[in-house]
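The values are calculated or read from the model by the stated rules, or taken from the named source; none is laboratory data. All of these numbers come straight from a predicted model, not from anything done at the bench. A quick note on method: Cβ atoms are made from the backbone with ideal geometry, for glycine too, and the neighbour counts reach across all protein chains shown.
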Amino acid sequence: MKLGPGGNSAGGSAGGAAHLTYCTNIHPGETWPEVAHALKVHLPAVKAQFCPDQDFGVGLRLSAAAANDLAAPEAFAELQDILASGGFYVFTINGFPYGPFHGTRVKEEVYQPDWRTPERLAYSNLLADQLVRLLPDDPDIDGSISTVPCGFKPDCEDPATITAMADNLLAHAAHLVQIRRDTGRTIALALEPEPYCLLETTQEAVDLFKDYLFNGNAVAKLASLTGASPSEAEADVRRHLGICLDLCHAAVEFEDPDEAVSALQGLGIAIPKVQISAGIRLPQVSQADIERIRPFQDAVYLHQVVAKTDRGLDRYLDLEHAFEAYEAVAAGERPEWRVHFHVPIFLSELDGFATTRPVVEQFLASQRSKPVTRHLEVETYTWDVLPEAHRREDVVTNIVKEMRWAHGQLGTP
């Protein structure tokens, strides 16, 4: 759905319009036929309840398998027909999960292949090629692709690996420059910081851009790849590479969203996309809390935990590791836990636990008064692994509730 400059429905100049959607990664589907089925079944149902009289923007998730399937002209034509006949348009793609994302162990495999590999570069280039063909015929609507925050931190902290990742990011930026030259359309890649990744915090994102992407050597590499002048290449890297701010991830890291935005903007780092998401918050974790949250541990996704203690922040790769650490702490210690488990944003509490929704509310208030980004995507992909008690309503009903809640927070009727 197209919104006004600060988030209000319709109104405002087209150049300042924002777009609100949800990410289709909530719907299982790895091949194009599976994705097509999900789009045909779920998108019309959501649109009919949320915005029956307006075109509805789609936050499309395509695995590498689906993207390769769409290289076939008949498959791509089918996608275009689904969009045109249903009153849908695509402005953003989730290019984070390369492989399977539902019904099997995902965990740390979701970060593979990472940005040091030719596979990640080729996949991202392909998504950009497809997105530019899907963008609506409106030059004011740019495209964005969110992606893995370089890689899984334990695998890629040495400078040589980070340099290889930066080189591939610059190669992708050169691909996006060529798309802009050929079509006049701008697409930006948005790295999405997440706990336990190379880019875990906003500060780590700032450091990567400052040290590896905005420096003189990086600008010279991009200029060499594109034939641009140094000043043009510097503008290109800032235009085509940026950050996807996931509000759940930021909250789990105990970040203030306004401060995160300020830090990114202070270095001139673009924010092409924001994912509207919330996690679980345990203000003073107790043994009773541990027992009540055990059902949220699953075999599919990582649920990273950040604990705020008197010592600072302690980080755990998954709930099971946090459980073990809690058993070993001194008696009487009651840290605050924040858990990377995306929960419906319209809920302020879940099973007696608080959520990080206040961070979402704070960001959306800022977006309403002083827009940060033009691409807003609700992303609660964990529907299939929520405890059964929270899946009594169908997925479409919950998506519509989330969309209406976000729409209302943006100051819309």
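Some observations on this one:
- Search result, residues across region 342-392 that are acidic (Asp, Glu) and at pLDDT 95 or above: GLU361, GLU377, GLU379
- When residues in region 92-109 are screened for being within 16 Å of LEU189 (Cα to Cα) and part of a loop (DSSP other than H, G, I, E, B), 4 of them pass.
- Conditions (1) part of a helix (DSSP H, G or I); (2) surrounded by 17 or more Cβ atoms within 10 Å (Cβ to Cβ); number of the one not met by TYR89: (1)
- Test result for VAL400, under 14 Å from THR21 (Cα atoms) and touching a residue at least 12 places away in the same chain (Cβ under 8 Å): yes
- Residue match in region 139-151 (condition: closer than 26 Å to ARG238 by Cα and modelled with pLDDT under 95): yes
- Just one of the listed residues (PHE296, PHE323) is touching a Pro at 6+ places or on another chain (Cβ under 8 Å) and aromatic (Phe, Trp, Tyr), and it is PHE296.
- Test: residue in region 4-12 that is in contact with a Leu (Cβ under 6 Å, 6 or more places away or on another chain), buried (at least 21 other Cβ atoms within 10 Å of the Cβ), under 20 Å from ASP142 (Cβ atoms) and modelled with pLDDT under 95: yes
- In region 187-231, the residue that is farthest from the chain's Cα centre (by Cα) out of those that are among the polar types (S, T, N, Q), in a helix (DSSP H, G or I) and crowded, with 19+ Cβ neighbours inside 10 Å is THR226.
- Any hit, region 359-380, residues being without any contact (Cβ under 8 Å) to a residue 40 or more places away in the chain, among the small types (Gly, Ala, Ser) and either closer than 20 Å to GLY59 by Cβ or surrounded by fewer than 20 Cβ atoms within 10 Å (Cβ to Cβ) (or both): no
- The single condition from (1) over 24 Å from ALA72 (Cα atoms); (2) not in a helix (DSSP H, G or I) that ALA160 fails is (2).
- Of residues in region 110-152 being in a helix (DSSP H, G or I) and among the hydroxyl-bearing types (Ser, Thr, Tyr), the one nearest to PHE91 (Cα to Cα): SER124
- Residues of region 381-413 that are surrounded by fewer than 17 Cβ atoms within 10 Å (Cβ to Cβ) and hydrophobic (A, V, I, L, M, F, W, C): ALA389, VAL395.
- Residue in region 186-194 that is in contact (Cβ under 8 Å) with a residue 24 or more places away in the chain, out of contact with any Asp or Glu (no Cβ under 6 Å at 6 or more places or on another chain), over 27 Å from PHE363 (Cα atoms) and among the acidic types (Asp, Glu) present: no
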